[in-house]
1. Look through the range B:123-162, keep the residues that are hydrophobic (A, V, I, L, M, F, W, C) and farther than 25 Å from residue B:103 by Cβ, and return whichever of them is surrounded by the most Cβ atoms within 10 Å (Cβ to Cβ).
2. Scan the range A:180-219 for residues that are more than 8 Å from chain B (Cβ to nearest Cβ) and hydrophobic (A, V, I, L, M, F, W, C) and jot them down.
3. For the range B:163-186, which positions are over 14 Å from residue B:83 (Cα atoms) and in contact with a Lys or Arg (Cβ under 9 Å, 6 or more places away or on another chain)?
4. Tell me which residues, restricted to the range B:197-219, are outside any strand (DSSP E or B) and modelled with pLDDT of 95 or more.
5. When residues of the range A:114-148 are filtered for being in a strand (DSSP E or B), in contact (Cβ under 8 Å) with a residue 60 or more places away in the chain and of a type outside the set (Asp, Glu), how many remain?
6. Mind checking which residues of the range B:26-40 are away from chain A (no Cβ under 13 Å) and either under 25 Å from residue A:12 (Cα atoms) or surrounded by 15 or more Cβ atoms within 10 Å (Cβ to Cβ) (or both)?
7. Name the helices (runs of 4 or more DSSP H) wholly within the range B:1-94 that hold at least 2 residues that are out of contact with any Asp or Glu (no Cβ under 6 Å at 6 or more places or on another chain) and modelled with pLDDT of 85 or more?
8. Only one residue in A:122, A:139 is at pLDDT below 95 and at positive phi. Which one?
Number of protein chains: 2
Amino acid sequence: MVKRRLATINLSSRQKEIIELVKANQPITSEQLAKKIGVTRAALRPDLAILTMTGILEARPKVGYIYSQKPSSNLVFDYIRKIKVKDIMSKPVTVDEQTTVYNAIVNLFLNDVGTIFVENDGYLVGAVSRKDFLKSAIGRTDINKVPIGIIMTRMPNIVCVEPEDSVYIAAKKIIDREVDSLPVVERVSEEDGDKVKVIGKLSKTNITRLFVKLSENKN
Amino acid sequence: MVKRRLATINLSSRQKEIIELVKANQPITSEQLAKKIGVTRAALRPDLAILTMTGILEARPKVGYIYSQKPSSNLVFDYIRKIKVKDIMSKPVTVDEQTTVYNAIVNLFLNDVGTIFVENDGYLVGAVSRKDFLKSAIGRTDINKVPIGIIMTRMPNIVCVEPEDSVYIAAKKIIDREVDSLPVVERVSEEDGDKVKVIGKLSKTNITRLFVKLSENKN
């Protein structure tokens, strides 16, 4: 996984004190702040620089410092948004369109995945989730005879992502379209037209694993 | 969802210049840096304060500034770790232990969830995932007659979390135990002993949704 640096800081107790003083007395000048804290104005300068740069305080010329209501964060979110699908995707499990529903389910269990992608001639033609399988297993489908092509969600009704897409975009598609995972696809040649090949899978599991790594600062 | 403030900054071009100068000339004193940049030492003070507070530079007494190899991030991860299960959990779907497997599956579809929790006398006794349902639907189980108590994973073999736990802990349990969701539980009284009531559900979907919100800075 790609290593990146983040510029984040823990506020000192003096900086927290300044924030509280500004909240209670805004607008307040640096002279007034220095007097309340009992230090020189020069001594406060680095703290005030940090607090305005982080967007926590706003410095209004000739007025003083005010506590900013707008969110200060940006780097965290930039950081998260820079993680790409290819950084965390898994191997996809695929079957041919002629495979029976039963055999596809066996495949699902053997590979311990939640979604199977369906190919025809090496190209993505469909996707089947555990939910789709369960529906056909309790319905009237003869799962030992019916090919998976009958029950799958068929292209172009499948939401895909590409390896260079951000994980954020993938996560948003998963939530908005209410699916468990997305095929990661690539176009092989111009002649293929809209046809794509599946080269990976990005699921809620990948995102949960990423969340754990982000929390552990191991990304 | 709880609002929190993050102290993160975008480095200025002067700060980036300082980093490059330190990388190329370390260890380097603030006097030397000021000379190279063509400003006074006082003018550099806020920038150097920010760069050491973020952990990007390390100030070694009597030696000078060096570029730090250790990761500087902490607030991002602290921030993520402070989000609690109760902040993002969903409503749980529960059925009684005597419910047939078929009716539980219907319940699963009607509520569009991936896991059903099973109660007896109001207490959590088991959990059944889509995967468990699919296994029994394609197996020899007569899903119209067999009660869900027969196929469920039974307490105490269910991993639980509490509302005050961090989402990080929940995500880690989901990954380590390879489950899709966890019951959020609470002990009602001392007399209950180990018995717990289900008050929520935390799933990979909740975490994926949180990931989207974190990326969008809407948390």
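The values are calculated or read from the model by the stated rules, or taken from the named source; none is laboratory data. Quick caveat, the model's predicted, so the values are computed rather than measured. Ideal geometry is used to build each Cβ from the backbone, glycine not excepted, and the neighbour counts take in all protein chains shown.
1. Applying the first criterion (hydrophobic (A, V, I, L, M, F, W, C)) to the range B:123-162 yields B:124-125, B:127-128, B:133-134, B:137-138, B:143, B:146, B:148, B:150-152, B:155, B:158-161.
Next, only the ones that are farther than 25 Å from residue B:103 by Cβ stay: B:159, B:161.
Numbers: B:159: 16, B:161: 24.
Looking at residues that are hydrophobic (A, V, I, L, M, F, W, C) and farther than 25 Å from residue B:103 by Cβ, I get B:161.
2. Scanning the range A:180-219 gives A:182, A:184, A:185, A:188, A:196, A:198, A:199, A:202.
3. B:174, B:175, B:179, B:180, B:181, B:182, B:183, B:184, B:185, B:186 - these are the residues of the range B:163-186 that are over 14 Å from residue B:83 (Cα atoms) and in contact with a Lys or Arg (Cβ under 9 Å, 6 or more places away or on another chain).
4. Within the range B:197-219, B:204, B:205, B:206, B:207, B:208, B:209 qualify.
5. So the answer is 4.
6. B:26, B:27, B:28, B:29, B:32, B:33, B:34, B:37
7. Details: elements: B:13-25, B:30-37, B:41-53, B:75-81, B:85-88.
Answer list for the range B:1-94: B:13-25, B:30-37, B:41-53, B:85-88.
8. Just one listed residue meets the conditions, A:122.
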